[in-house]
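**Student:** Encoded as structure tokens, here's the structure I'll be asking about.
The values are calculated or read from the model by the stated rules, or taken from the named source; none is laboratory data. Quantities reported herein were computed from a predicted structural model and do not represent experimental measurements. FYI the Cβ positions are ideal-geometry reconstructions off the backbone, even for glycines, and counts take in every protein chain you see.
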Amino acid sequence: MSTKFARVALAAALGFALVGCGKDEPPAAPPPAVAAKAAATPDGAIMASIGHLKTGNIDGLMQSVLPPDEYAKAKADYATEMNKEPASEEDKAKFAENMAKLTAPDAEAKLWAELEPKLKELDAQMAQQMPMMVAMGKGVIQSSIQQNQDLNDAQKLQASQAIDALGNWVTTAKFTDPALAQKAIKVVCDTARKVNLKTLDEARALSYEQAMSKAGVVYLGLKDVLALYGFSIDQTLDSVKAETISSDANAAKVKISYTLLNAPLSAESDLVKVGDRWYGKEMLEGLKKKDTAASEPAAPAPATN
């Protein structure tokens with residue numbers, strides 16, 4: 001996926017609260033008229049994005065969070081950004097090796113044979129080390145959140161609460177359970193077969209539409225693996241509620257409430273109107289800054305004697 005699309009997808013997922021659903025292929029984007037109607041109100045714009053996340057419709061998500069001109073620009077730049085840097089022969093060999101391993105007819109049996117002897121040892125290590133590792137990790141992340149100048153107090157509180165919820169999940173999830181491990185292996189192998197890419201060159205040659213479709217497949221596979229270990233992203237998305245708390249002709253503020261791993265969370269999102277649809281203000285400002293920085297000429301190299 002291109003840098004710009006990865007950035008947009010991540011920002012949308014974090015801003016609107018994560019993933020979902022378990023279909024083999026993500027559905028096509030809704031007709032433009034349907035998408036426009038859904039995004040005609042500030043809270044409708046939020047829920048439209050949530051709907052795309054629930055179904056793994058990555059292209060639909062892009063269209064819901066980007067105005068038409070920005071979407072068209074990013075889509076046109078996809079192939080260029082994807083192939084900006086050539087892949088090394090080592091990367092190509094590793095990709096082909098991994099995909100062949102995951103998609104072989106007996107992939108599940110071979111992967112389980114490799115993993116099973118390590119589970120008991122891993123279980124003992126995790127029981128001893130995981131609480132300390134999680135506590136240290138939470139401390140580092142919490143400190144980083146508090147020092148982040150780009151977050152306001154409400155955003156810092158929400159981020160801290162989300163980290164606490166995720167930390168509690170990590171310490172209780174049964175990652176070394178043999179039955180769950182076998183199911184997870186099957187999901188990973190099934191997902192790799194659906195993606196159906198043998199080489200890195202094939203992946204880099206995908207059209208934008210093909211890449212977004214395959215990204216959706218991977219995304220849904222990840223959701224299924226997380227669900228096995230007690231993190232149901234479907235439940236998180238189903239809990240999302242959006243309420244417009246202030247609005248005028250050009251700007252609005254929406255309160256987004258949701259439950260993440262049994263922790264009730266809420267956030268406020270500023271939206272702006274572009275044409276007849278609503279978009280995240282922070283995301284558009286971020287894209288504008290990056291476009292401006294990219295268009296500025298590079299500073300001249302210092303003169304040498």
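**Student:** Just to be sure, is Lys281 closer than 22 Å to Asp43 by Cβ and basic (Lys, Arg)?
**Tutor:** Criteria met by Lys281.
**Student:** On to the next question. Out of curiosity, is Asp270 more than 22 Å from Ala96 (Cβ to Cβ), without any contact (Cβ under 8 Å) to a residue 24 or more places away in the chain and among the acidic types (Asp, Glu)?
**Tutor:** Spelling it out, Asp270 is indeed more than 22 Å from Ala96 (Cβ to Cβ), without any contact (Cβ under 8 Å) to a residue 24 or more places away in the chain and among the acidic types (Asp, Glu).
**Student:** For region 70-88, what are the residues that are assigned to a helix (DSSP H, G or I) and either charged (D, E, K, R) or at pLDDT 95 or above (or both)?
**Tutor:** Correct list: Glu70, Lys73, Lys75, Asp77, Glu81.
**Student:** Answer with yes or no whether Leu111 is at pLDDT 90 or above, surrounded by 11 or more Cβ atoms within 10 Å (Cβ to Cβ) and more than 23 Å from Val195 (Cα to Cα).
**Tutor:** Taking the combined requirement at face value, the residue does not satisfy it.
**Student:** Moving to a separate point now. Condition check: in contact with a Cys (Cβ under 9 Å, 6 or more places away or on another chain) and in a helix (DSSP H, G or I). Does Glu116 satisfy that?
**Tutor:** No, not satisfied.
**Student:** With the condition kept exactly as written, say whether any residue in region 123-133 is at pLDDT below 90, assigned by TED's automatic domain parsing to the domain that holds Lys289 and closer than 30 Å to Leu166 by Cβ.
**Tutor:** No, region 123-133 contains no residue that is at pLDDT below 90, assigned by TED's automatic domain parsing to the domain that holds Lys289 and closer than 30 Å to Leu166 by Cβ.
**Student:** With under 28 Å from Lys214 (Cβ atoms), under 25 Å from the mean Cα position of the chain (by Cα) and surrounded by 16 or more Cβ atoms within 10 Å (Cβ to Cβ) as the only criterion, which of Pro86, Pro67 stands out?
**Tutor:** Matching residue, one of Pro86, Pro67: Pro67.
**Student:** Across region 52-69, what is the total count of residues that are among the polar types (S, T, N, Q), farther than 19 Å from Leu287 by Cβ and in a helix (DSSP H, G or I)?
**Tutor:** Within region 52-69, residues that are among the polar types (S, T, N, Q), farther than 19 Å from Leu287 by Cβ and in a helix (DSSP H, G or I) number 1.
**Student:** Does any residue of region 89-97 turn out to be in contact (Cβ under 8 Å) with a residue 12 or more places away in the chain, touching a Leu at 6+ places or on another chain (Cβ under 7 Å), assigned to a helix (DSSP H, G or I) and not hydrophobic (A, V, I, L, M, F, W, C)?
**Tutor:** yes
**Student:** Across region 242-252, which residue is nearest to Lys186 (Cα to Cα) among those that are of a type outside the set (Asp, Glu) and free of Cβ contacts under 8 Å to residues at least 24 places away in the same chain?
**Tutor:** Ile245
**Student:** Can you run down the residue pairs with Cβ atoms below 6 Å, 6 or more apart or on separate chains, where the first is in region 103-116 and in the same structural domain as Ala181 (by TED's automatic domain parsing) and the partner is basic (Lys, Arg)?
**Tutor:** Thr103/Arg193; Glu108/Lys186
**Student:** Also, quick follow-up: Inside region 77-134, can you point out the residues that are touching a Lys or Arg at 6+ places or on another chain (Cβ under 6 Å) and of a type in the set (Val, Ile, Thr)?
**Tutor:** Thr103
**Student:** Further question on the same structure: Does Ala127 satisfy the condition of being more than 19 Å from Leu226 (Cβ to Cβ) and out of contact with any Asp or Glu (no Cβ under 8 Å at 6 or more places or on another chain)?
**Tutor:** So Ala127 fits the description; yes.
**Student:** Residue under question is Leu287, and the condition is that it be at pLDDT below 90 and not assigned by TED's automatic domain parsing to the domain that holds Thr191; does it hold?
**Tutor:** Answer is yes for this residue.
**Student:** Follow-up question, since we're still on this one. With the condition being buried (at least 16 other Cβ atoms within 10 Å of the Cβ), in contact (Cβ under 8 Å) with a residue 24 or more places away in the chain and touching a Leu at 6+ places or on another chain (Cβ under 8 Å), I'd like the helices (runs of 4 or more DSSP H) fully within region 162-241 carrying at least 2 qualifying residues.
**Tutor:** Per the criteria, 178-195, 233-238.
**Student:** Here's a follow-up. Quick one: what pairs do we get from region 62-87, first residue closer than 28 Å to Trp278 by Cα and basic (Lys, Arg), second assigned to a helix (DSSP H, G or I) and modelled with pLDDT under 90, C-beta under 9 Å, 6+ apart or different chains?
**Tutor:** Correct list of pairs: Lys73/Lys4; Lys73/Asp291; Lys75/Phe5.
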